[in-house]
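In what follows, a single structure is set out as C-alpha cells and then discussed.
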Amino acid sequence: MPLSRTLLADLERIVGAGGLVRSYEGRLVYESDMHTFYKGAPDVVALPTRTDQVVAIVRLCRAERVPIVPRGSGTGLIGGAMAPQGGVMIGLNRMDKILEIDLPNRCATVQPGLINLFLTQAVANSGYFFAPDPSSQMVSSIGGNVSTNAGGPHCLKYGITTNHVLGLELVTGTGEAVRLGGKVVDRPGYDLTGIAVGSEGTFGIVTAVTVRLLHAPEAVRTILASFVAIEDASEAVSAIIAAGMIPAALEMLDEMMIRAINEGSNAGYPKDAAAVLLIELDGPLAEVMAQSERAAQICWERGALEVRVARDDAERALLWKGRKEAAGAVGRLAPTYLLQDAVVPRSKLPTIMRELIAIGARHRVRIANVFHAGDGNLHPLILYDDRDPEELERAKAANEELLNACIAMGGTVTGEHGVGLDKAKNLPLQYADADLNFMYRLRRAFDPETIMNPGKLLPSHPACGEGFRPARPRVPDGAWI
Amino acid sequence: MSVAGRSVGEAFVAIAGRDGVRDDVPARAAAAVDGLVPRWVVRPASLEQVSQVVALAHEAALAVAPRGSGSALELGCPPARLDVALDLCGLDRVVEYNPADVSITVEAGITVGALAARLAPHRQFLALDPPGASTRTLGGIAATNASGPLRVRYGTMRDLLLGVRFVQADGVLTWGGSKVVKSVSGYDVPKLMIGALGTLGVLGELTLRLHPLPDAERSWLVRLPSAEAAQAFVERVVDSSLQPNRLEYLGEQVLEAVFPGPTSSAVAVSIGSVEEAVVEGGERLAALAKAEGAQILPVPDAFWSDAERALTPSEGEALLQIASLAGRLATTQRAIVEAVRASAPRARVWTSCCAPLGTVRVRLADTDLAVTTAITKRLRDEVAEIGGSVVIARGPSALRAAVDPWGPVEAGAFALMRALRDDLDPKRVLNPGRFVGGL
C-alpha cells in the first residue's frame, strides 16, 4: 500500500526535503543489506539528524500503522536493514557524531550512525579502544553493531557488542524516547539495555549509545600455524584452551580456503597445508611472551608443518592478510556463495568438520571454511553458480542441513550476524514455542503494534498477536480449588 | 486451615512428595520473609516439579517467593503477599560439563562452593565472588545480580550467563539464550533475568561461561594518605599496562579490621596470570606506588575474605550499594563520610569501592532507622545528577518499609518494566511487591 500524501508531506516537514529519499532510483539503494538474496525497497527513506525527529517520525507512522525499518550502513548479512513490507526506512547515517568521550570513566556516548572504527581512532592516541571489531568495522555503524549485537574476530577474549554497551537512548515503537542504562553500572530494575542490544530494530530506533572503552593491551603477538590435517589443528585449539589461555583471536582456515587464498595473494600459506590456524594473544608483555611460546609449542606438538610468529606490526598484518581476504578469495572458486554463521560447542569442532564434508558430498556442493575456532563459530561458504538454479537449490539444501547439524550438536543458528529475515524461520530449530512466545511478549512491551522492523528476528505468527501458545504444564488432577 | 487450603497443600504433595512440602509452624517460620510467613514451604526435586508448583500457584492466585540459600532475602521491598516459599536448593545438579567447552550447565540451586569443587580438577572456575559466595546458590546470585571485586577483570553475571531455563509465572518452562559461548539468535533473554529477583521467572537452570584459573595470583595493599590520593593512584594503574584481577579501594574501618596501620585509605590489588607476568606486574605496581609516595606491601590471599567479613553486616545493620563513577571515587567517599557525620556522628561505617567502576559497598552500624534513612536519601541526592543509585542491599524490614530500598527509576524505563511485568505476571504470582517501584 503506497504511503498517503499527507504522511509524505508530514515527513518532509520533519526532516526537510533534503532529508527524504522519494525517487525510485534513490530508494533502490536501500532495497537490501549485504545479503542481497532479500530485496525490498522502502516507500520512502527519512534521514533524521536529531532524536526528536525520530520521535516525530515514529509517532506519525504509528498513527497510520506504517512499518518502520531502521538502517545504518547496510552492511548486515541477514536481510535486516531492508523493507520487505515497504513503509518508511529511517537511515541513521546523518546521526554520526561522537557526543562525549569520558576517559576518566572510560566510556563514550555516540550517535548510532558513527562508523565503528572512527570511535577507536578518536581515542587511540590516549591509549584506548572500542573492543567490538566486526570485519566490517571500517564501514559499519555502531548503531548497526548494537542492533545485531555484532561480534568479530577478537570477541573470544573481549566479548561481543553487548558486553561493551552501558546504555542506550531508544525511541520505542510507541514513539517514546527512553533512556536505558547509562554511564553508571548496576542500575536498579530490569536490564532493558541488555535485552535491547541485539533486538535488530524490533524494539525501536537506537538514537544514542554509551559504550565502554578499554585500555589498549601492552603487547600483541600473532602466530600462524599450518597443519596437514584439520583434526590436528582442531586438537591444537583444544590444547591451547585446555592450557588455560584465552587468546584474543583463534581463527581457522580449511584446505579449500587456503587454496583459494594462495591462488590470489601472497599470504604464502604452505601449499600442502590442510588447515591454517591464526592465534593472537594480547595483554601485558610478560604474559603474552610466555603464552605465545606455549601456544607455538602446542602447535609443534600437534604436528604443525610450520609455525610463524610475527615480530612486528607489518608481519602481523601479513599473517592476517589471508584471513581478511578469505571471503573475496572464494570468488576464484565459484561465482557466488551462501555464507553461514552457525555455532557448535568448541569441543564438537572435529565432528562438525567431518559432517560438513559429508553434507557437501551429499548435495554435490563445495564448502570452504573460515571460522572463529576459539568459540566454535563456523562460517562455511557454500559455493554455487547462480546461473544454475538447480545448483542453488542444492546449496540451499546443504545450508539447511548444516544448520540442523549444528543445532543437533547443541549449537545455535547464528553466532554473530543476527537473525533478520534470513534466519527468522530457523529459530524454531533452537527454541520451543514457549521460548518464542516469551520473545513475542518482550517485543510487545516495546512495540505493541508491531510496526518496528516487522518480519525480522522472530518467525511470523498468527495476526492475533499472541504468537505461539505454549501448553501449560499439567497439574495433578482434581485435587484442588 | 480451610478446605481449599488443605487441598492445594495436597496438590503440592502430589507434585513434590510428602518430604518436599512442609506446612508445620517451625518450617514456615524459618522461611518467613520480612515477617510474612508462607503457608507452605515447597522443595521441588526437579525443574518439572518447579513448573508444576508454579502452575498450581498461578491457578490458585498464590504468591510464590523463590529462594536459594536465603542469604539475600533482605534485598528489595518487603513482599506484598507470600503463600509459597519455593526452596530451590534441591536442584543442585550439574547438568552438563565438558571442560573443553569452558562452560557448564547447572541447576540453579547449586552453590558456588560445590561448583568450584567440581571445576578445580580441570583448573577452571566461575569468576564471580560476591560476599559469602561459597554457600550461595548460582540462581540466587543471578536473580540478585551479586558480584564482588573480581568484576574488574571478569565482569558480572551479565558477562557470564549464556543461557537460562526458567519457569514463567503461569508455570510454563521456558528457555532463553544458548549453550554455546557465542550466540545472537533471538532476544538476549538471560540478560533480562539477571537482577530481576525472580519476578519474570523462577530460574531453574543456568549455562555459564567459565574461565581458566590463572597459574599464579598475588595480592598487594597500597597505603595512601587520602581518598583523593587513592583515586589518583587507581587512575595510574588503570592507565598502565597492568591487568589487575581486583582493584579495590578500602576505607578506614575496613583497613582497621584487616590490616591496621598508619593511613586511612588503601587500594588492594590482585594480579593473576602466568608466574613471570605476576612477578613483573608486582614490580610495576610497586614502581607506580613509589611514584605516588605510597607504601606497598604484599598481602596473603586470605586478605580478601577478611575484608569481605569486615563488610558483612550483622543482624540489624544495613548494607548500602552505591553505584557512582570511577572518576568520582573521592567525591563519593567524602559524601559517605559527611552523610554519616551529619546524621549520626557515632555511627560506624565500612566502605569498599570497586575502583575502576565506582561501585561502593557501605556497611552501616550503630544507626537507627531515621539515621539510615537520612544517610540513604542524602547519598541518593549526591549521585542523582550522574544517574547513579543507592540500593539498600541489606537492612531491617522496618527500614525497607520506611524508605524505598531501590530508589527512583527513570520514568520512561520504568513504564517499560511495568509493561513487561504486567504482561508476564498479571496475577503477581512471583515475588509480588519486592522489585523496583513495588513491581
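Observations on the model:
- Yes/no for A:VAL365 being in a loop (DSSP other than H, G, I, E, B), within 11 Å of chain B (Cβ to nearest Cβ) and either buried (at least 24 other Cβ atoms within 10 Å of the Cβ) or not charged (D, E, K, R) (or both): no
- So A:LEU103, is it at pLDDT 95 or above and surrounded by 23 or more Cβ atoms within 10 Å (Cβ to Cβ): no
- Complete set of residues in the stretch B:186-226 that are among the hydroxyl-bearing types (Ser, Thr, Tyr), out of contact with any helix residue (DSSP H, G or I) (no Cβ under 6 Å at 6 or more places or on another chain) and more than 24 Å from B:GLY109 (Cβ to Cβ): B:SER226
- Count of residues meeting criterion [part of a loop (DSSP other than H, G, I, E, B) and within 21 Å of the chain's Cα centre (by Cα)] in the stretch B:117-132: 7
- Residue that is nearest to A:GLY127 (Cα to Cα), among those in the stretch A:208-230 that are of a type in the set (Gly, Ala, Ser) and in a strand (DSSP E or B): A:ALA219
- First in the stretch A:155-179 and assigned by TED's automatic domain parsing to the domain that holds A:SER199 and aromatic (Phe, Trp, Tyr), second anywhere and surrounded by fewer than 24 Cβ atoms within 10 Å (Cβ to Cβ) and assigned to a strand (DSSP E or B), Cβ under 9 Å, 6 or more apart: A:TYR158/A:LEU214
- Residue, farthest from B:GLY177 (Cα to Cα), within the stretch A:133-151, restricted to residues that are within 12 Å of chain B (Cβ to nearest Cβ) and not small (Gly, Ala, Ser): A:PRO134
For (1) crowded, with 23+ Cβ neighbours inside 10 Å; (2) free of Cβ contacts under 8 Å to residues at least 12 places away in the same chain, each residue gets a yes or a no:
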| position | (1), (2) |
| --- | --- |
| A:ALA275 | yes, no |
| A:GLU280 | yes, no |
| A:ALA286 | no, yes |
| A:ALA295 | yes, no |
| A:CYS299 | yes, no |
| A:GLU306 | no, no |
| A:LEU318 | no, no |
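- Being without any contact (Cβ under 8 Å) to a residue 40 or more places away in the chain, more than 30 Å from B:VAL238 (Cα to Cα) and assigned to a loop (DSSP other than H, G, I, E, B) is a property that holds for B:GLY407.
- Residues in the stretch A:271-300 that are among the small types (Gly, Ala, Ser) and away from every other protein chain (no Cβ under 14 Å): A:ALA273, A:ALA274, A:ALA275, A:ALA296.
- Matching residues, the stretch A:106-132, being surrounded by fewer than 19 Cβ atoms within 10 Å (Cβ to Cβ) and within 12 Å of chain B (Cβ to nearest Cβ): A:SER126, A:GLY127
- Complete set of residues in the stretch B:166-189 that are more than 8 Å from chain A (Cβ to nearest Cβ), without any contact (Cβ under 8 Å) to a residue 40 or more places away in the chain and on the phi < 0 side of the Ramachandran plot: B:PHE166
- Meets criteria (part of a helix (DSSP H, G or I), within 30 Å of the chain's Cα centre (by Cα) and surrounded by 15 or more Cβ atoms within 10 Å (Cβ to Cβ)) for B:ALA310: yes
- Selection status of B:LEU197, at negative phi and either at pLDDT 95 or above or of a type outside the set (Lys, Arg) (or both): no
- Of the strands (runs of 3 or more DSSP E) lying entirely inside the stretch B:1-105, those carrying at least 1 residues that are facing another protein chain (nearest Cβ under 10 Å), in contact (Cβ under 8 Å) with a residue 40 or more places away in the chain and on the phi < 0 side of the Ramachandran plot are B:94-98.
- When residues in the stretch A:423-441 are screened for being of a type in the set (Gly, Ala, Ser) and facing chain B (nearest Cβ under 8 Å), 2 of them pass.
- All positions within the stretch B:64-108 that are touching a strand residue (DSSP E or B) at 6+ places or on another chain (Cβ under 7 Å) and small (Gly, Ala, Ser): B:ALA65, B:GLY68, B:SER69, B:ALA85, B:SER103, B:ALA108
- Within the stretch B:417-434, the residues that satisfy the criterion of being among the basic types (Lys, Arg) and within 23 Å of A:LEU180 (Cβ to Cβ) are B:ARG418, B:ARG421, B:ARG434.
- Scope the stretch A:156-189; condition closer than 30 Å to A:PHE371 by Cα, within 9 Å of chain B (Cβ to nearest Cβ) and touching a strand residue (DSSP E or B) at 6+ places or on another chain (Cβ under 7 Å); matching residues: A:LEU156
- Flag for A:PRO350 being within 12 Å of chain B (Cβ to nearest Cβ), of a type outside the set (A, V, I, L, M, F, W, C) and surrounded by fewer than 23 Cβ atoms within 10 Å (Cβ to Cβ): yes
- From the list B:LEU247, B:LEU213, the one residue that fits, being crowded, with 19+ Cβ neighbours inside 10 Å and either within 14 Å of chain A (Cβ to nearest Cβ) or among the aromatic types (Phe, Trp, Tyr) (or both), is B:LEU247.
- Every residue from the stretch B:401-431 that is more than 8 Å from chain A (Cβ to nearest Cβ), buried (at least 23 other Cβ atoms within 10 Å of the Cβ) and over 15 Å from B:GLN168 (Cβ atoms): B:PRO405
- Complete set of residues in the stretch B:357-391 that are within 13 Å of chain A (Cβ to nearest Cβ) and within 18 Å of the chain's Cα centre (by Cα): B:LEU357, B:GLY358, B:THR359, B:VAL360, B:ARG361, B:GLY388, B:SER389, B:VAL390, B:VAL391
Conditions (1) part of a helix (DSSP H, G or I); (2) buried (at least 24 other Cβ atoms within 10 Å of the Cβ), marked per residue:
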position: B:PRO356; (1), (2): no, no
position: B:VAL360; (1), (2): no, yes
position: B:ALA374; (1), (2): yes, no
position: B:LYS377; (1), (2): yes, no
position: B:VAL390; (1), (2): no, yes
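- Selection from the stretch A:211-246 of residues that are surrounded by fewer than 24 Cβ atoms within 10 Å (Cβ to Cβ) and of a type in the set (Ser, Thr, Tyr): A:SER226, A:SER238
- Selection within the stretch A:190-230 - touching a residue at least 40 places away in the same chain (Cβ under 8 Å), within 12 Å of chain B (Cβ to nearest Cβ) and under 30 Å from B:LEU416 (Cα atoms): A:ILE195, A:ALA196, A:VAL197, A:GLY198, A:SER199, A:GLU200, A:THR202, A:PHE203, A:GLY204, A:THR210, A:ARG212, A:LEU213
- Residue in the stretch B:337-350 that is surrounded by 24 or more Cβ atoms within 10 Å (Cβ to Cβ), touching a residue at least 24 places away in the same chain (Cβ under 8 Å) and in a strand (DSSP E or B) present: yes
- Taken over the stretch A:409-422, the residue count meeting the criterion of being at the interface with another protein chain (Cβ under 7 Å from one of its Cβ atoms) and either farther than 28 Å from A:LYS39 by Cα or charged (D, E, K, R) (or both) is 3.
The values are calculated or read from the model by the stated rules, or taken from the named source; none is laboratory data. Only a predicted model underlies this, so the values are computations on that prediction, with no experimental measurement involved. So basically every Cβ, Gly included, is an ideal-geometry build from the backbone, and we count neighbours across all protein chains shown.
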